[in-house]
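Here is the structure we will look at.
Quick note: the coordinates plus some simple rules give every number you see, no bench work behind them. For clarity, every value in this text was computed on a predicted model and none was experimentally measured. Every residue, glycine among them, receives a Cβ derived from its backbone with ideal geometry; neighbour counts consider all protein chains shown.
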Amino acid sequence: MVNNYLVIAVCLGLAEALRRCILIMITALMGPLSKVPGPFLSKFTRIPWAVETVTGKHMNTTDDLFKKYGDVVRVAPNHVIVGDRAGIHKVLVEKDLVKAPFFDNMRLHPGNPMLVTERDKESHKRTRRLLSPGFSISYLDGLEPFMQECIQEFEKVLDSKCDENDGTAVVDMQGVLSNLTFDVMSATSLGGSFNLVTSNNTKLKKTFMSILIKAAINGQFPYLRYIPFWPQAIPPDMNRMLDDVLDRRESVGKPAKKDIVQIILDAHQMDPIGFPEMRMRDEVTMFMVAGSETTSSNSTAILMLLVNNMDKLQRLIEEIDSVFSRNDEVTFTKLQELPYLNAVLWEGLRLVAPSAGLLRYTTEPIMINDYEIPPDTTVQPWPMAAMKDPRIWPDAEKFIPERWLGVYKGVEANRADVIAFSAGSRNCIGWQFAMREMRLIFARLLLRYELSLVPGQSHERRYHSTPWFVQGFYKVEVKLRK
Ligand code: HEM
């Protein structure tokens, strides 16, 4: 009797396995996506692409995929990447597709959305409207003194490093810029700088990086979360830091002008059920992560381009020197009008900002470049391919800020083609914040110091929500200017 049940159970199991295999074969070889080119294995399994994503190597390996298969590539049974301008525009702007289910899994607490991971269009619109006063032009202009103060501390640290070494020091710019952008975010948005530039306390930064990496892994392999002892998305020291920030806010009271934390706290107090405490905490955490490492990693990579192209660096110094002298106040308003500085930043972002996490999802069939993409497909625009597309950019791989100053080889560069901050309803809410911060950092750095290349370093980077150097640092020689 028992044997009979066993035989039936095994047969049912085998039948189900066979049904699934047939389904996989049909989807792989006969479904609408079967016409989209891509690696053979990707028709059957998402594992190779998931591994590339989790290791962060995909930012380097996709170039070859687009070269081999064209502008739309199937990288998993129901996942395509899109690398051309028109296709990306269609996905992000024209169709404004919803974010992919990946973002449900990426949430710091399951079921608890944040602006970045919100998938429902209406809820996203409401949250974005709620937070947008913290990114208005007048609000951002009011942040200038906080940013100036943090950069002053940054200069003190560089000065002392130079003093210790007869006026010249070799500095890990990735490390110090990362400290600086955390200080700027905490000073402008949390009501007080973490002073990481001065303390060089790497523990907190490691905590933030671990949040990013864990979120990327959870996004790909959501079931890992349920393994006992799998590390929590939010480590305990992050929770303690949040408690400190919120306690301080309660004891000191509201700031004269609402900052991001105050906007989020008010939203919670006005609607504790719709905007619960956990959401408030996750939102603050995500803002810190979204606003710091992104700016520092891209600034470091732009600096890398400058020290490897000394003629461009020299031209930038000349422009800055023509407007400011050493003790002048370097202001947002004046910097906004420096053509070469702005050209360096847009050209730099074009070449170094990977933005590899723009996953979207189809709810109905759409056509992308003559391919029919069926519902329930993850569509991932790949800005890096479009931003280095030789059909748009002459000498696409080269760092040529001059292309932003007029017509270069018959082509006028267009900012809308630099998709570093994404596009459409989910574009970066902090892009003007980041541009202001980067202008200030570069101008004050070059006004005070001579920077030069430390040769022999690896330029290889990986990507987990933001790019990072594999060697763990990027060193630059820094010398106080006479
Ligand atoms: C160079 C610096 C930065 C880069 C390259 C960058 C890039 C991006 C990109 C590509 C997205 C869009 C993701 C998508 O379309 O799916 C995004 C979204 C976002 N960014 Fe940034 N970012 C930067 C700086 C900042 C800063 C300084 C802040 C905050 C002060 C910030 C806050 C956010 C937030 C909250 C979102 C989610 C917006 C939404 O879903 O409505 N970012 N960022």
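Taking other C-beta atoms within 10 angstrom as a stand-in for reagent exposure, 268, 79 fall in the order 268, 79, fewest first. Distant-in-sequence amide contacts of residue 377, defined by a placed amide H-H separation under 5 Å and a gap of 5 or more residues or a different chain, comprise 362. The lysines whose alpha-carbon is closer than 20 Å to the alpha-carbon of residue 398, local same-chain residues fewer than 8 away aside, are 67, 312, 388, 409.
Could you quote the convex hull projected area for the stretch 31-480, Cα atoms only and averaged over all directions, in nm²?
Numbers: hull surface 89.2 nm².
For the stretch 31-480, the mean projected area of the Cα convex hull comes to 22.3 nm².
Within a straight-line Cα-Cα reach of under 16 Å, residue 90 can be paired with the following lysines, leaving aside sequence neighbours fewer than 8 residues apart in one chain: 99. Which shape class, rounded, prolate or oblate, goes with the stretch 330-406 when its Cα gyration tensor gives a ≥ b ≥ c as root eigenvalues, a/c under 1.5 marks rounded, and past that a/b bigger than b/c marks prolate? Prolate, because a/c is 1.5 or more and a/b exceeds b/c. Taking every C-alpha pair closer than 8 Å and separated by at least 6 residues, the mean separation divided by the residue count of the chain gives a relative contact order of 23 percent.
Shown for 11, 162: other C-beta atoms within 10 Å of each C-beta, ranked fewest to most, produce the order 11, 162. Rounded to the nearest 20, the Cβ-based charge dipole of the stretch 92-148 about its Cα centre (Lys and Arg +1, Asp and Glu -1) stands at 220 debye. Could you tell me whether the stretch 1-130 comes out rounded, prolate or oblate from its Cα gyration tensor? Rule is a ≥ b ≥ c as square roots of the eigenvalues, rounded for a/c under 1.5, then prolate if a/b exceeds b/c, otherwise oblate. The shape class here is oblate. DSSP bridge analysis restricted to the chain gives an antiparallel fraction near 85%, rounded to the nearest 5. Taking Cα atoms only, the orientation of helix 2-29 departs from the longest principal axis of the chain by about 50 degrees.
A helix-only calculation puts the chain at -16500 deg cm²/dmol for mean residue ellipticity at 222 nm, using -39500 (n - 2.57) for each DSSP H run of at least four residues, averaged over all residues. Exposure proxy for 283, 118, 149: other Cβ atoms within 10 Å of each Cβ, ordered fewest to most, give 149, 118, 283. The charge dipole of the chain, taken about its Cα centre with unit charges on the Cβ of Lys, Arg, Asp and Glu (plus for the first two, minus for the last two), comes to roughly 1100 debye. Rounded to the nearest 20 debye, the dipole magnitude of the stretch 184-261 is 160 debye, with +1 charges on Lys and Arg beta carbons, -1 on Asp and Glu beta carbons, and the Cα centre as origin.
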